[in-house]
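Asker: Got a structure for you, questions after.
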Amino acid sequence: MDNCIIVSIKPKFKSLLFSKEKIHEFRNVIPKKTVKYICVYETTPIKELSYVLVVDEPIVLPNIIIEDTYGKERFNSGEMNCKIAYPIINIYEFNPISLEDLKSNFNFIIPQSFIYLDSIPKLKLFLNNVDMKKIW
């Protein structure tokens, strides 16, 4: 997976993503490199990496989201305090990798805003070879 970042997301957002209620991933830090994939690490109490978002060109404020979706009004008004919204094209799920395994096998550090997958070559190689199931 080239052009991939890893982000931390609260578990409550997974159901919104999988049900297509949330079709944008909001971030407050804009990566310098192009992003095509976002690997998602779910925070406490889940603590695992288990799905990836395939994303389109980001919407950057002052541009606005047109589609009716979770977070649209808050993003468009600036209330959300996010500068960027990645439209999600697809979601793929894979067998979860626990935080313990991520740390011991890949020297993983939980991202505060994001980290490039390229900075963890062993994890990138692993994810490039893992079976993934398309959610939508």
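Asker: Would you tell me the accessible area of Arg74, worked out with a 1.4 angstrom probe on the heavy atoms of the protein chains, in Å² to the nearest 10?
Answerer: Rounded to the nearest 10, that gives 100 Å².
Asker: Put Glu67, Glu48, Glu42, Glu100 in order of accessible area, largest first, 1.4 Å probe: what do you get?
Answerer: Solvent-accessible surface, decreasing: Glu100, Glu67, Glu48, Glu42.
Asker: Just to be sure I understand, if you calculate Rg and Dmax of the Cα atoms in Å for this structure, which of (1) 17.1, 64; (2) 14.4, 43; (3) 15.6, 49 do you get?
Answerer: Given (1) 17.1, 64; (2) 14.4, 43; (3) 15.6, 49, the structure-derived one carries the label (2).
Asker: What figure, in Å² to the nearest 10, do you get for the accessible area of Val60 with a 1.4 Å probe and non-protein molecules left out?
Answerer: 50
Asker: If you stretched the chain out fully between Phe94 and Ile135, how much longer would it get, using 0.36 nm times the residue separation minus the C-alpha to C-alpha distance?
Answerer: Here the segment from Phe94 to Ile135 would lengthen by 13.7 nm.
Asker: Hey, how many Å between the Cα centroid of the range 21-77 and the Cα centroid of the range 110-136?
Answerer: 16
Asker: Still on this model: Taking R0 as 41 Å, what's the FRET efficiency between Ser104 and Leu61 from their Cβ-Cβ distance, rounded to 0.05?
Answerer: Approximately 0.55, to the nearest 0.05.
Asker: Within 10 Å, count the other beta carbons around each residue, average over each peptide in 4-11, 105-112, and list them highest first.
Answerer: 4-11, 105-112
Asker: Could I ask something else about it? Positive end of the charge dipole of the chain (Lys, Arg +1 and Asp, Glu -1 on Cβ, about the Cα centre): tell me which of Tyr116, Met1, Ser104 has its Cα farthest that way.
Answerer: Farthest towards the positive pole: Ser104.
Asker: Let me ask something else. Using the Karplus curve 6.51 cos²θ - 1.76 cosθ + 1.60 with θ = phi - 60°, work out ³J(HN,Hα) for each residue of the range 60-67 in order, rounded to whole Hz, and write x for Gly and Pro.
Answerer: Whole-Hz 3J(HN,Hα) from phi for the range 60-67: 10, 4, x, 5, 10, 7, 9, 4.
Asker: Magnitude of the Cβ-charge dipole of the chain, K/R +1 and D/E -1, about the Cα centre, nearest 20 debye?
Answerer: Rounded to the nearest 20 debye, it is 200 debye.
Asker: For each pair in Lys20/Lys103; Lys10/Lys83; Lys72/Lys103; Lys83/Lys122, compute the distance between the two Cα atoms and list the pairs where it is over 28 Å.
Answerer: In this structure, Lys20/Lys103; Lys72/Lys103; Lys83/Lys122 exceed 28 Å between Cα atoms.
Asker: Now for a different question. Given labels modelled 7 Å from the Cα in the Cβ direction, how far is it in nm from Ser119 to Phe18?
Answerer: 2.9
The values are calculated or read from the model by the stated rules, or taken from the named source; none is laboratory data. Fair warning: this is a prediction, and the values are worked out from it, not measured in the lab. When we count neighbours, we look across all protein chains shown, and the Cβ atoms used for this are built from the backbone with ideal geometry, even at glycine. Quick note on the areas: whole protein, heavy atoms, side chains included, nothing else; ligands and nucleic acids left out. Shrake-Rupley method; radii C 1.70, N 1.55, O 1.52, S 1.80 Å.
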